[in-house]
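Mind looking over this structure? Questions follow.
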Amino acid sequence: MHSSTAQFRTLTASRRSQWRAALRASFGGAVLFLVYEASKSAIFPGLTIWESHSITIGFGAVIAGAAAWATVRRQSDLLQTIAIEEARREGLELRQRALLESETRYRILVEKSPEAIAVHRGGQVLYVNSSAAHLVGAMDTAVLVGCRMAEFIHPDDRDRWYRRRVESHTGSFRLVRVDQTIREVEVVSADTEFGGARAVQTVFRDVTEQRSLEARLLHEAFHDSLTGLANRALFRDRLEHALALHRRDAGHQLAVLFLDLDNFKSINDRLGHEAGDRVLCTVASRLRHETRATDTVARFGGDEFAILLERLPTEQEVLSIVNRIRVALTEALEFDHRHFALSASIGVAIGTVADDVDSMLRNADVAMYEAKGAGKARHAVFEPVMYDAIVQRLRLEADLRAAVRAPETSGLSLVFQPIVDLASSEVRSLEALLRWTHPEHGMISPSVFIPIAEQTGAIVQLGRWVLERACEQMKIWRAQWWRAGLPMDEFPTLSVNISGRQLAERDFVYELQELVQRVNVPAELLVLEITETVIMQDTDRTLSSLSALKALGVQLAIDDFGTGYSSLSYLQRFPVDVLKIDRAFVEGMGLGTSDTALARTIVTLGRTLGLRTVAEGIETEAQRVALEDMGCHLGQGYLFAKPLAAHAVAELLLRRSASGAPPRTRSVG
Ligand SMILES: [Mg+2]
């Protein structure tokens, strides 16, 4: 409205001035007319009145037309100018209004933003939004105005904060809140204007939770969740780094230890997985305790651990750490008032400049395997020759597994060694012994393949086959014995070696019962030989198995007695019938060692407990005489007979029918 009145005024004023101009022009025109008339009379003296008027009218019309055109033109120009001016002004007003609206919107946005925003100049806070006050833990935004920005940055990060490019910067800092707690923030700074002057606006984003989640995920990706030790991935990474350093400076020793617990499975089986997990955690903490903070201790899974030792001056130093670890691990563990002994087999690989991660791990693994094979609870330092031995052993393992699946066709067979009366050399029992003639490598010693079968678990299936074959063989001999008309109550017993793993099988007693019934042999003629160490393990369970076997009528013998430190109280509790004196004592007899005394003690012990004693490995007449003098009545060894094939045993047994006397081994040599 205001602008229309102004335009009207402008228009009226311009019209007035036009009239004034027209008046001035009329006056000027009259003067000019008079001058014109005079000039015309002077120039054209002979003109008629009509000619004179015609010229005047024509001339006047031209001038009037030109004036009118000029007036109209000027007026239209003026109107156009006014219209343009008006449009320009309207545009300006619109823009100003839009700017005002956008500023309001921006202010609301900043104030209500969930992101913490601060505007500062020269490091001093000019403005903060409520999110920023909340982030630093201030009650109100006003208390922060005038503070130094750097006050809220962690002292260790301040250098970086000062050095950043203020105008456009992105970075991460630790923020110290009013209550001194720390938050992780990401900041983005940008140039802005505040109060009509240049300033910096910084947006803070709290990433504390995100960072801690990231850190947790990262930790989980590289650590074992049970023990908190490094996992295989982190171990490999550290080893790679250590090897790279070692290649640059080989003046120090670098070693990888590979550690496997020897008896973890039995603890796990007996006490459950929860106890097993506690054992693993205890082992982890002992390993950490015996190594330096700079060493890496990792769990590779199950009961396998690996340790990376770096920057040790000598190989001796490496071995002294290995020994410390072994001693620490043997410290007894206690669960539910029961004590357990732990031990580990440790493989040691000493790094060379030619080694890489895989070769180091493989070498340590091979050395561990060697330590385990050499009897556990020990360590072995890798040597290249071990590698070939391992490969050979692995092949043998595979062959043995295949042989167990088809024993008759893969070279497995039984031989039988007589156990005789020391005085008369009459055969009292026959011990079934397993032999393996490998299709490629020929005869393999039981001392080689039996431990492999024990370790791989193949012994269970193998032992089942041995029992079955032995019982079937006994049935054949008994039929021959009966046909020869010999007294059935004088038929010798049959001794079969039983492994601890077989005895631990849930169905062992039931299977044996089923076997003697199926083959139809008297259970009383079967003597199961069990080593002392098996009896010593998990005594409660062993005792119940042995009692069940006794109930079947089977006889029990403790094999290799004297080597396994069994206590007298155990001997009294177990329902055994026979003690077999280990060949080591018999070998040492008469050599001035304590073996004679020990053998005598065992014989006396057997007599006291009402057990029969059998001396193993008798090779000389002197040994036989000495043992007989001690009161030992039974013996086994090359002096009487080597292990014999089934048909040779039949010949030996039936010779009695020819001579009318019980079979005597000395006659077969
Ligand atoms: Mg034996």
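Quick check on my filter: what residues within segment 220-262 are among the aliphatic types (A, V, I, L, M), part of a helix (DSSP H, G or I) and within 9 Å of the chain's Cα centre (by Cα)? Let's see the steps before the verdict.
Narrowing segment 220-262 to residues among the aliphatic types (A, V, I, L, M): 221, 226, 229-230, 233-234, 239, 242-245, 250, 254-257, 259, 261.
Still in the running and part of a helix (DSSP H, G or I): 221, 233-234, 239, 242-245.
Listed by number, the residues that qualify are ALA221, ALA233, LEU234.
So THR563 fits all but one of (1) closer than 30 Å to GLN623 by Cα; (2) within 46 Å of the chain's Cα centre (by Cα); (3) at pLDDT 95 or above; what number is the exception?
THR563 satisfies every listed condition except (3).
So, one more: Out of (1) within 16 Å of the ligand (Cβ to nearest atom); (2) buried (at least 20 other Cβ atoms within 10 Å of the Cβ), the odd one out for GLN473 is which?
That leaves (1) as the condition not met.
Yes/no matrix, rows are residues, columns are (1) under 18 Å from MET360 (Cβ atoms); (2) modelled with pLDDT under 90; (3) surrounded by fewer than 19 Cβ atoms within 10 Å (Cβ to Cβ):
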| residue | (1), (2), (3) |
| --- | --- |
| ALA255 | yes, no, no |
| LEU259 | yes, no, no |
| GLU274 | no, yes, yes |
| LEU319 | yes, no, yes |
| ILE346 | yes, no, no |
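Mind telling me which of the residues ILE419, ILE390, ILE450, ILE444 ends up being under 30 Å from ASN363 (Cα atoms) and over 34 Å from the mean Cα position of the chain (by Cα)? Give the steps one after another, and end with the answer.
Working: ILE419 fails: under 30 Å from ASN363 (Cα atoms); ILE390 fails: over 34 Å from the mean Cα position of the chain (by Cα); ILE450 fails: over 34 Å from the mean Cα position of the chain (by Cα).
The match here is ILE444.
Which of the residues belonging to segment 430-447 are more than 16 Å from the ligand (Cβ to nearest atom) and either in a loop (DSSP other than H, G, I, E, B) or at pLDDT below 90 (or both)? Show your work before the answer.
Residues of segment 430-447 more than 16 Å from the ligand (Cβ to nearest atom): 436-444.
PRO439, GLU440, HIS441 - these are the residues of segment 430-447 that are more than 16 Å from the ligand (Cβ to nearest atom) and either in a loop (DSSP other than H, G, I, E, B) or at pLDDT below 90 (or both).
In segment 408-429, what count of residues is obtained for those that are within 14 Å of the ligand (Cβ to nearest atom) and among the hydroxyl-bearing types (Ser, Thr, Tyr)?
1
Please determine, by comparing only the residues of segment 599-630 that are closer than 14 Å to GLY562 by Cβ and assigned to a loop (DSSP other than H, G, I, E, B), which one is nearest to the ligand (Cβ to nearest atom).
For segment 599-630, the residue satisfying everything is GLU616.
Can you list residue pairs whose Cβ atoms sit under 9 Å apart, with the first residue in segment 577-589 being closer than 14 Å to ASP559 by Cα and the second being within 12 Å of the ligand (Cβ to nearest atom) and assigned to a helix (DSSP H, G or I)? Count only pairs 6 or more apart in sequence or on different chains.
ASP582/GLU532
Give the residues of segment 494-521 that are of a type in the set (A, V, I, L, M) and within 16 Å of the ligand (Cβ to nearest atom), sorted by residue number.
LEU494, VAL496, ILE498, LEU503
Just the residues that are free of Cβ contacts under 8 Å to residues at least 24 places away in the same chain and more than 20 Å from SER320 (Cβ to Cβ), please, taken from segment 371-386.
Those that are free of Cβ contacts under 8 Å to residues at least 24 places away in the same chain and more than 20 Å from SER320 (Cβ to Cβ): ALA374, GLY375, PRO384, VAL385, MET386.
If you don't mind, another one. ASP595 fails exactly one of the following numbered conditions: (1) farther than 27 Å from GLU514 by Cβ; (2) of a type in the set (Asp, Glu); (3) within 16 Å of the ligand (Cβ to nearest atom). What is the number of that condition?
Checking ASP595 against (1) farther than 27 Å from GLU514 by Cβ; (2) of a type in the set (Asp, Glu); (3) within 16 Å of the ligand (Cβ to nearest atom), the one that fails is (3).
Oh, and also: Is it true that GLY46 is free of Cβ contacts under 8 Å to residues at least 40 places away in the same chain, exposed (fewer than 10 other Cβ atoms within 10 Å of the Cβ) and not aliphatic (A, V, I, L, M)?
So GLY46 passes the test.
Quick check on my filter: what residues within segment 522-544 are surrounded by 15 or more Cβ atoms within 10 Å (Cβ to Cβ), within 16 Å of the ligand (Cβ to nearest atom) and assigned to a helix (DSSP H, G or I)?
Residues satisfying the conditions are GLU532, VAL534, ILE535.
Of the conditions (1) under 25 Å from the mean Cα position of the chain (by Cα); (2) buried (at least 20 other Cβ atoms within 10 Å of the Cβ), LYS372 clears all except one; give me its number.
Checking LYS372 against (1) under 25 Å from the mean Cα position of the chain (by Cα); (2) buried (at least 20 other Cβ atoms within 10 Å of the Cβ), the one that fails is (2).
Please work out which residue is nearest to the ligand (Cβ to nearest atom), limiting yourself to segment 545-564 and to residues that are more than 9 Å from LYS580 (Cβ to Cβ) and hydrophobic (A, V, I, L, M, F, W, C).
If we take residues in segment 545-564 being more than 9 Å from LYS580 (Cβ to Cβ) and hydrophobic (A, V, I, L, M, F, W, C), then LEU556 is nearest to the ligand (Cβ to nearest atom).
Testing LEU319 on (1) assigned to a helix (DSSP H, G or I); (2) in contact (Cβ under 8 Å) with a residue 60 or more places away in the chain; (3) within 15 Å of the chain's Cα centre (by Cα), one condition comes back false. Which one is that?
In the conditions (1) assigned to a helix (DSSP H, G or I); (2) in contact (Cβ under 8 Å) with a residue 60 or more places away in the chain; (3) within 15 Å of the chain's Cα centre (by Cα), LEU319 misses (3) alone.
The values are calculated or read from the model by the stated rules, or taken from the named source; none is laboratory data. On a predicted model such as this, the values are computed, not experimentally measured, just so you know. Quick reminder, even Gly has a Cβ in these numbers, built from the backbone with ideal geometry, and neighbours come from all protein chains shown.
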